[in-house]
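We did not get these values from a lab; they are worked out from the coordinates using the rules stated. In this text the structure is predicted, and so the values were computed from the model without any measurement. All Cβ positions, glycine included, derive from the backbone under ideal geometry; neighbour counts span all protein chains shown.
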Amino acid sequence: MSFEVAVLQGLDKVVGRVMTIEAPVGTPVHFGTLEIVARTCRKRPPEEPPESAAYLEIFEKRQGEEPEARFRGWMFASSPALAAMEHPVYDVWVLDCRSAAAPR
């Protein structure tokens, strides 16, 4: 089932800050110098084993430089290391998918 919002978690390794990021599908959100665009977010039905997955495009945008693609692909909540973003400062992983009207 497809959902409208990817719920992500981001870690800034330099300052040790962990942040929950709500990324509406198709809308860029920012975490530090990263711009994250969730293209789709899917979740298994409740009668199946739990799994959430999001197709993400992540770019690094530094002032005065062209955006650099850092990650493009599927991330799975149950296996964050399976398709991890390689970055010296930031980690991003999928927590869940939810509808836009769901309570936070």
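Need one word for the stretch 45-85: rounded, prolate or oblate. Basis is the Cα gyration tensor (sqrt eigenvalues a ≥ b ≥ c); a/c below 1.5 gives rounded, then a/b vs b/c decides. Here the stretch 45-85 falls in the prolate category.
Our coupling estimate for the stretch 69-75, obtained by passing each phi through the Karplus curve with A = 6.51, B = -1.76, C = 1.60 and θ = phi - 60°, is 5, 10, 7, 8, x, 7, 10 Hz, Gly and Pro reported as x. Multiplying the residue separation of Ala83 and Glu57 by 0.36 nm and removing their Cα-Cα distance gives an extension gain of 8.1 nm.
Using only side-chain charges placed at the Cβ, +1 for Lys and Arg and -1 for Asp and Glu, the dipole size of the stretch 1-86 relative to its Cα centre rounds to 80 debye. Once Rg and the Kirkwood radius are both taken over the C-alpha atoms of the stretch 2-98, their ratio Rg/Rh works out to 0.97. For the stretch 1-79, GluC sites (Glu not before Pro) meeting the loop criterion (DSSP other than H, G, I, E, B) and having at most 10 other Cβ atoms within 10 Å: Glu47, Glu65. Its relative contact order, with pairs defined as Cα atoms under 8 Å and 6+ residues apart, puts the chain at 31 percent. Farthest toward the positive end of the dipole of the chain, out of Met19, Ala69, Tyr90, is the Cα of Met19, where the dipole comes from beta carbon charges about the Cα centre. Between Arg39 and Ser99, the simple spin-label model (points 7 angstrom out along Cα→Cβ) gives 2.6 nm.
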